[in-house]
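K.L.:
Questions regarding the structure given below will be posed in turn.
The values are calculated or read from the model by the stated rules, or taken from the named source; none is laboratory data. Note that the structure is predicted; figures quoted are calculated from it, not measured. Backbone-built Cβ (ideal geometry, glycine too); neighbour counts: all protein chains shown. With ligands, DNA and RNA removed, areas are computed over all heavy atoms of the protein, side chains included. Shrake-Rupley method; radii C 1.70, N 1.55, O 1.52, S 1.80 Å.
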Amino acid sequence: MMKAFTKNYQDNSSDAGFEFTFLCDVCNDGFKSSFIASDTYKKNKGSRLLGKGAGIVGNLIGGKANKVGNAAERGGDVAADQFSDKSPQWRKEHENAFGMAQNEAKAHFHRCPGCNTYSCDHCWNEDATLCTTCAPRQDVMVAQAHAKAMKRNIDAAEKDAVVWQGNIESKTTICPICGKPAGTGKFCNNCGASLDLRECPKCGAKNALTVRFCNNCGENLSQPSSTLSAAAPPSGKCAGCGFQNDPETKFCGGCGSKL
């Protein structure tokens, strides 16, 4: 009858040989024993004497590992239950191989006196001689506390962080000439057209070059404003591009529009 030193293991044996994986009760990482070839398989290679179903336990993964271990805990004969169709010689080999695998695996596990579980070297606190579930490592706890405190400080600083300084104002984002992204300068990165905002001749508000009516007073920006006094002396400033021309200029020197 096969008895395991830990319930948490997998039996990966097949017709060809024997292999076992013993799992840590804390992290569930496993230690796989060395493969032991079956002499019975070598003698009967190519025949069907071993029957079907070989390797059925080899497919056990994850939570199914405990199912195999529970069979040992119930006191049932694992070899008889899992490999009932195998020959007595093969089952004897399997039992001997299981004992050898346990002896190999025990060197990599520790039984915790606090909770009676088996942990791997990684989950064993050497200073406290307990598993890390019962006695977490001090350096790990300090590192975790430091990381949590740092995150809290960063979250607090985030509320007061200033990542941009400048004036929130209208910007021409698409060039009215070529239709491509205009960039952040005064002239288009693609075609060089002026990106200065158009000043409303009625109220002086700044408008994007693509709009037809002032966003402040509704003045039609596609033609000279009719509300301007006819007797007012010409200023020479182009209503289309804002270029400052001489008062007597008839055509804008910036865009060629008629003044």
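K.L.:
Mind listing the Cα extents of the stretch 90-169 along all three principal axes, in Å, largest one first?
P.N.:
So the three principal-axis extents are 86, 32, 16 Å.
K.L.:
Tell me the accessible surface of Val26 in square angstrom (1.4 angstrom probe, heavy atoms of protein chains only), to the nearest ten.
P.N.:
60 Å²
K.L.:
Given H placed on each backbone N at 1.01 Å, which residues far from Lys237 in sequence or on other chains put an amide H within less than 5 Å of it?
P.N.:
Under 5 Å from the amide H of Lys237 lie the amide H atoms of Asn245, each far enough along the sequence or on another chain.
K.L.:
Between Asn220 and Met150, take the C-beta separation as r, use R0 = 35 Å, and let me know the FRET efficiency to the nearest 0.05.
P.N.:
0.05
K.L.:
Fully extended, how many nm does the chain gain between Ala16 and Lys92 (0.36 nm per residue separation, minus their Cα-Cα distance)? Display every interim value, and only then the final one.
P.N.:
Working: separation 76, 0.36 × 76 = 27.36 nm, distance 1.41 nm.
Value of the extension gain: 25.9 nm.
K.L.:
Near the amide H of Phe187, under 5 Å away, which other amide H atoms are found, from residues 5 or more places off or on another chain, if H is placed in the peptide plane?
P.N.:
Leu195
K.L.:
Given a 1.4 Å probe and heavy atoms of the protein chains only, how would you sort His94, His110, largest accessible area at the top? The partial results should precede the final answer.
P.N.:
Numbers: His94 0, His110 55 Å².
Sorted by accessible area, descending: His110, His94.
K.L.:
Moving on. Over the stretch 124-169, what number does the Rg to Rh ratio reach, with both radii from the alpha-carbon atoms and Rh per Kirkwood?
P.N.:
1.44
K.L.:
What trypsin sites (Lys or Arg not before Pro) does the stretch 1-32 have in DSSP loop regions with at most 13 other beta carbons within 10 Å?
P.N.:
Details: sites: Lys3, Lys7, Lys32; in loops: Lys3, Lys7.
Taking the stretch 1-32 and a limit of 13 other Cβ atoms within 10 Å, the loop trypsin sites (Lys or Arg not before Pro) found are Lys3.
K.L.:
Once amide H atoms are built 1.01 Å from N in the peptide plane, which residues 5 or more positions from Ser257, or in another chain, come under 5 Å H to H?
P.N.:
For Ser257, the qualifying residues are Cys252.
K.L.:
Sticking with this one: Calculate the FRET efficiency for Gln165 and Lys186 from the Cβ-Cβ distance with a Förster distance of 35 Å, rounded to the nearest 0.05.
P.N.:
Details: r = 20 Å, r/R0 = 0.57.
So, using R0 = 35 Å, E works out to roughly 0.95.
K.L.:
Karplus couplings for the stretch 187-196 from phi (6.51 cos²θ - 1.76 cosθ + 1.60, θ = phi - 60°), rounded to Hz, Gly and Pro as x?
P.N.:
Calculated HN-Hα couplings, in order: 10, 4, 5, 9, 10, x, 5, 5, 10, 4 Hz.
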